[in-house]
Number of protein chains: 2
Amino acid sequence: MANRSEARQQERVKGRGGRGGGSVVAAIREAITRGDFAPEQRLVESDLSDRFDTSRSAVRSALLQLTEEGLVEREQNRGARVRSVSLEEAVEICEVRMMLEGLCSAKAAERATPDEVAELRAIGDRMRQLVADGNVLGYSEANQLLHRRIRELSEQATAEEVLERLRAQSVRHQFQLALQPGRPSVSLPEHLAIIDAIAEHDPLAAETAMRTHLGSVIGALREASQTMGGLRF
Amino acid sequence: MANRSEARQQERVKGRGGRGGGSVVAAIREAITRGDFAPEQRLVESDLSDRFDTSRSAVRSALLQLTEEGLVEREQNRGARVRSVSLEEAVEICEVRMMLEGLCSAKAAERATPDEVAELRAIGDRMRQLVADGNVLGYSEANQLLHRRIRELSEQATAEEVLERLRAQSVRHQFQLALQPGRPSVSLPEHLAIIDAIAEHDPLAAETAMRTHLGSVIGALREASQTMGGLRF
DNA sequence: GACAACGAAATTGGCGACAATATTGCTGGC
DNA sequence: GCCAGCAATATTGTCGCCAATTTCGTTGTC
């Protein structure tokens with residue numbers, strides 16, 4: 001659409017020009033989750049191959065894969081768009097997270113070594129500090145880190161994979177939530193409860209604490225959408 | 001490998017020859033889950049395009065998608081094979097099912113209409129009869145049907161999608177289990193308990209019953225693998 | 001007789017071209 | 001002035017070809 005003239009920065013994939021087999025997927029995925037592409041935005045194959053300095057077939061196969069991952073939607077002969085996930089879908093995702101992160105939390109409670117417990121405790125302390133300082137973005141990052149570490153500690157590859165996929169799908173909702181005023185002070189004690197349960201190697205308490213936390217996230221999602229007017233993301 | 005001469009039956013995809021965009025994926029997926037291809041078997045692109053009477057690029061893109069679904073594994077420049085899932089992986093899958101089908105079971109208990117409850121009860125009755133008759137294959141089918149209907153009743157699209165994917169990955173383990181002598185008489189009461197809980201619209205009991213059931217499945221998987229010698233599927 | 005080096009065959013990876021389809025803009029009639 | 005039909009354009013879908021890579025078989029040497 002004539003914007004090929006406005007010399008757009010080309011994001012070279014992996015350094016070498018035009019190559020990078022599987023990493024084209026990673027590049028486009030990151031661009032979507034980072035918000036470079038808006039929800040519902042059309043993803044034209046030739047534009048993308050241009051932007052990422054790769055071939056159209058590479059982009060094509062990447063879009064196929066991202067469709068499978070739930071980040072992109074395609075219609076026959078009508079191309080691909082960034083998937084926009086509705087509030088209802090975000091709630092569904094959170095319900096699944098509730099179950100699966102509950103499992104991971106329980107497993108982490110079983111397996112965590114003293115060092116790993118110390119690591120979680122350190123994250124908890126940092127969270128406390130960040131909330132006290134009113135550092136919303138920092139807290140959001142620590143939040144992601146905590147959830148990720150607990151997933152990893154579970155050593156449940158199947159659950160980890162599913163959760164990673166779902167996380168990518170709901171980054172926007174997740175981020176919106178983090179910016180909600182007063183939200184950190186609600187979630188902080190929930191996070192600390194999870195850490196405590198894992199530290200005490202109490203799988204049942206760890207699962208319950210995680211479920212409580214994500215239940216509260218679901219509630220917050222619903223509330224936030226009311227104030228925001230039910231926008232899709 | 002010179003077996004192109006033995007006139008192998010060509011399974012036309014979708015009737016018309018050589019077409020059928022997305023349904024090539026379905027055809028190969030079915031062939032894998034039906035056991036036409038053994039685990040670890042190589043999937044040569046030209047062979048498949050021959051067998052399903054389609055183009056190599058269609059097969060190629062199908063294999064890409066099936067890799068994403070966890071049914072196929074690929075190595076750079078070395079082609080695709082049918083993924084073989086180990087006992088440990090099967091247990092992981094079952095743990096995830098435990099959580100997610102637990103969720104679906106609870107939601108089904110909330111939502112099920114009288115008609116739907118009657119339908120589940122009918123399945124339960126049929127199961128009882130099939131066990132009494134010693135009809136193992138029939139029971140296995142009814143088993144799958146029950147789990148599927150509960151998933152559908154939950155109207156949790158996200159969980160349904162994940163579960164469907166995982167089911168395809170573990171069909172072999174699932175089938176092996178169904179053939180285990182004495183297994184039906186163990187699982188029958190568990191299934192009936194799930195149905196009862198849903199019929200009584202008791203989400204908590206429904207979730208618990210489902211978790212108990214799949215916990216028992218995990219135990220059975222482990223036992224079966226001992227007698228079978230820890231074979232991969 | 002075993003093994004390394006080499007060459008041939010099989011297979012995958014990727015690009016370019018072309019056909020099929022959808023979208024957009026234009027023209028003429030009412 | 002609005003709408004139907006048609007032409008032009010943009011975009012996707014698919015195929016065939018060739019290069020890159022791996023695998024398999026052969027030959028020659030020790």
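Read-outs: derived from the displayed coordinates by stated rules, not from any lab. Quick caveat, the model's predicted, so the values are computed rather than measured. Cβ placement follows ideal geometry from the backbone for every residue including glycine, while neighbour counts extend to all protein chains displayed.
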(request) Work out the mean other chain Cβ neighbour count within 10 Å for the residues of A:220-226 and drop it here as an integer. (result) 0
(request) Report the net charge of residues surrounding residue A:214, where surrounding means a beta-carbon distance below 14 angstrom and charges are Lys +1, Arg +1, Asp -1, Glu -1. (result) +1
(request) Please compute the net charge surrounding residue A:152, taking Lys and Arg as +1 and Asp and Glu as -1 over other residues with Cβ under 10 Å from its Cβ. (result) 0
(request) Ignore the peptide's own chain and count Cβ atoms of other chains within 10 Å of each Cβ in B:62-75; give me the average, rounded. (result) 2
(message) Taking residue A:41 in one copy and the same position in all the others, each labelled 7 Å out along Cα→Cβ, what are the pairwise distances from the first, in nm, shortest first?
(response) 4.4
(request) With +1 on each Lys and Arg Cβ and -1 on each Asp and Glu Cβ, and nothing else charged, work out how big the dipole of segment A:133-174 is about its Cα centre, in Debye to the nearest 20. (result) 160
(request) Give the Cα extents of segment B:23-82 along the principal axes, in whole Å, largest first. (result) 27, 23, 18
(message) What do you get for the angle between helix A:87-111 and the principal long axis of chain A? Use alpha-carbon atoms, 0 to 90 degrees, nearest ten.
(response) 50
(request) Would you be so kind as to identify which of B:168, A:227, A:191 lies farthest towards the positive end of the dipole of the protein assembly as shown, taking Lys and Arg as +1 and Asp and Glu as -1 on Cβ and the Cα centre as origin? (result) B:168
(request) Can you tell me the FRET efficiency between residue A:201 and residue A:74 if r is taken as the Cβ-Cβ distance and R0 is 45 Å, rounded to the nearest 0.05? (result) 0.45
(message) I'd like the orientation of helix A:136-154 relative to chain A: the angle between its Cα long axis and the longest Cα principal axis, in ° from 0 to 90, rounded to 10.
(response) 80
(message) Nothing charged except the Cβ atoms of Lys and Arg (+1) and of Asp and Glu (-1): what's the magnitude of the dipole of segment B:23-82 about its Cα centre? Round to the nearest 20 debye.
(response) 80
(request) List, in order, the whole-Hz ³J(HN,Hα) value for each residue of segment A:52-66 obtained from phi through the Karplus relation with A = 6.51, B = -1.76, C = 1.60 and θ = phi - 60°; use x for Gly and Pro. (result) 9, 6, 9, 7, 5, 5, 5, 4, 4, 5, 5, 5, 4, 5, 5
(message) 5 Å is the cut-off here: which amide hydrogens, built 1.01 Å from N in the peptide plane, fall below it relative to residue A:72, excluding neighbours closer than 5 in sequence?
(response) A:67, A:83
(message) Let's see if you can work this out: charge +1 on each Lys and Arg Cβ, -1 on each Asp and Glu Cβ, no other charges. What is the dipole magnitude of the protein assembly as shown about its Cα centre, in debye to the nearest 20?
(response) 1960
(message) Need one word for segment A:148-233: rounded, prolate or oblate. Basis is the Cα gyration tensor (sqrt eigenvalues a ≥ b ≥ c); a/c below 1.5 gives rounded, then a/b vs b/c decides.
(response) oblate
(request) Give a residue-ordered list of calculated ³J(HN,Hα) values for segment A:193-199 (Karplus: 6.51 cos²θ - 1.76 cosθ + 1.60, θ = phi - 60°; whole Hz; x for Gly, Pro). (result) 5, 4, 4, 4, 4, 5, 4
(message) For segment A:87-228, place one equal point scatterer on every Cα, skip the solvent, and apply the Debye formula. What is log10 of I(q)/I(0) at q = 0.12, 0.14 Å⁻¹?
(response) -0.43, -0.59
(request) Give me the net charge of residue A:122's neighbourhood, meaning all other residues with Cβ under 12 Å from the Cβ of residue A:122; Lys, Arg count +1, Asp, Glu -1. (result) 0
